[in-house]
Amino acid sequence: MRIFATIMLKKIDYYIIKKFLGTYALTLVLVISIAIVIDITEKMDDFYREGLDSYTIIFDYYIYFIPYYINLFSSLFTFLSVIFVTSKLAYNSEIIAMLAGGISFRRLLVPYMISAFIIAVFTFYISSEVIPPSIRERLKFESEYIFHEQFEASSNNKQLQLSSNEIVYVERFNLDKNVGYRFSYDKFDGKRLIERITAHRIVYDSLYHWTAIDYTKRTFYDLREELSKGPSLPMELNMLPKDFIEIIKEYEQLTNTQLDTHITNQSKRGIGGLSAYKLELYKRFSNPFAAFVLTLIGVSIASRKVRGGTGHHIFLGLLLSVTYLLFNLTSSSFTIKGGVNPLLSVWIPNIIYLGIGIILYQRAPK
């Protein structure tokens, strides 16, 4: 009963939760509104040139613009909200009254952590389910009306591992005609090559059915080789034209389930260059955790009443939050450019700042 009474929320908890989440929501609305106004100013000439009406601009573009920037700046909004709310409580001597009334600093953290949990669930959901399809729609809009660049393109020099003993290579693939050029197919028995088919072209017929044009087929036995040539050869291959499509920032446009499936399937096919996909998947789990870390740091800093008041706390909080965001971006680049394990690179900022948070918590007024 004693533990239950300690955990059970009271009026002061609801008060802090309401202030925290209210400030977070208000900050979101203000900053996103400013970002949209700035973006409209930059793209106004493009919208006018394309003859786009207000409905198209809002519901075909900016409706997809908002979730991305909410997730991008969520950590910053969380930290600033914690700093602002807690420093106001400290400035009004409310925290001193709570501690003097027998509320421990650990108990004081409960409503903050509940708020952080709500924010973490919110950011995790939009980053994994809402943002991926919205990014795809936003990029399609930009490629059609603003930048006039291809949204999808065929990748050259593509190698696919169709199974444990089958490898396919295509030098160039035409998406409009579903035709691949300079095609080769190798089949192995363990480490021994038993069959090789090369063709000038490979044409897609229907589901997994292809036709090799102007082909040469070599079958290798222990001490001899069998050679055959012909104008066409029907083949059943475990690949589709979409496997040769390279989508701009595809990893940002896949949900968590799709990302995990893509990484698994491409790894089985022996395709490299999956660091960006793994990094994106791991970031979607690590970024929500930052809400707890930054909340701990924010409460520990702002709970002490200082001469500078709220302004001092906001300045310090802004400095720490910006350095966290920069550190997060820098550590991610280690994976793309330096080959660092993506799981390690996305969690390093949280681990370091969690250590900072624990130190500040121990020094916070009790």
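In table form, for the structure just shown:
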| quantity | calculated |
| --- | --- |
| Convex hull of the range 93-249 built on C-alpha atoms - directionally averaged projected area, nm² | 17.4 |
| FRET efficiency estimate (nearest 0.05) - Cβ-Cβ, residue 258 to residue 362, R0 45 angstrom | 0.60 |
| Distance (nanometres) between label positions extended 7 Å along Cα→Cβ at residue 46 and residue 33 | 2.5 |
| For the chain, calculated [θ]222 nm from helices alone, where every DSSP H run of n ≥ 4 adds -39500 (n - 2.57) | -19500 deg cm²/dmol |
| Per-peptide average of other Cβ atoms within 10 Å, ordering 231-237, 137-143 highest first | 137-143, 231-237 |
| Rule-of-thumb Rg ratio for the range 154-244 [Cα; 2.2 N^0.38 Å; N residues] | 1.06 |
| Stokes-Einstein diffusion coefficient of the range 6-154, Kirkwood radius over Cα pairs, 10 °C, 1.306 mPa s, in µm²/s | 88 |
| Projected area averaged over orientations for the chain, convex hull of C-alpha atoms, nm² | 26.0 |
| Potential extension, residue 193-residue 113 segment - 0.36 nm per residue separation minus Cα distance | 22.9 nm |
| Whichever aspartates and glutamates have a C-alpha closer than 12 Å to that of residue 43, once near sequence neighbours (fewer than 8 apart) are set aside | 142 |
| Calculated FRET value between residue 156 and residue 96, using beta carbons and R₀ = 51 Å, to 0.05 | 0.15 |
| Extension reserve of the residue 343-residue 236 stretch, reckoned as 0.36 nm per residue once the Cα distance is removed | 34.8 nm |
| Segment residue 267-residue 181, extension gain: residue separation times 0.36 nm, minus the distance between their alpha carbons | 28.5 nm |
| Cβ crowding within 10 Å averaged over residues, with 104-115, 353-364 ranked highest first | 104-115, 353-364 |
| Under 16 Å from residue 217, Cα to Cα: lysines that are on another chain or at least 8 residues apart | 187, 229 |
| Theoretical FRET efficiency, 1/(1+(r/R0)^6), r = Cβ-Cβ of residue 69 and residue 216, R0 45 Å, to 0.05 | 0.25 |
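Since every read-out is calculated from the coordinates, none of them should be taken as a lab result. These numbers come from a predicted model, not from an experiment. So basically every Cβ, Gly included, is an ideal-geometry build from the backbone, and we count neighbours across all protein chains shown.
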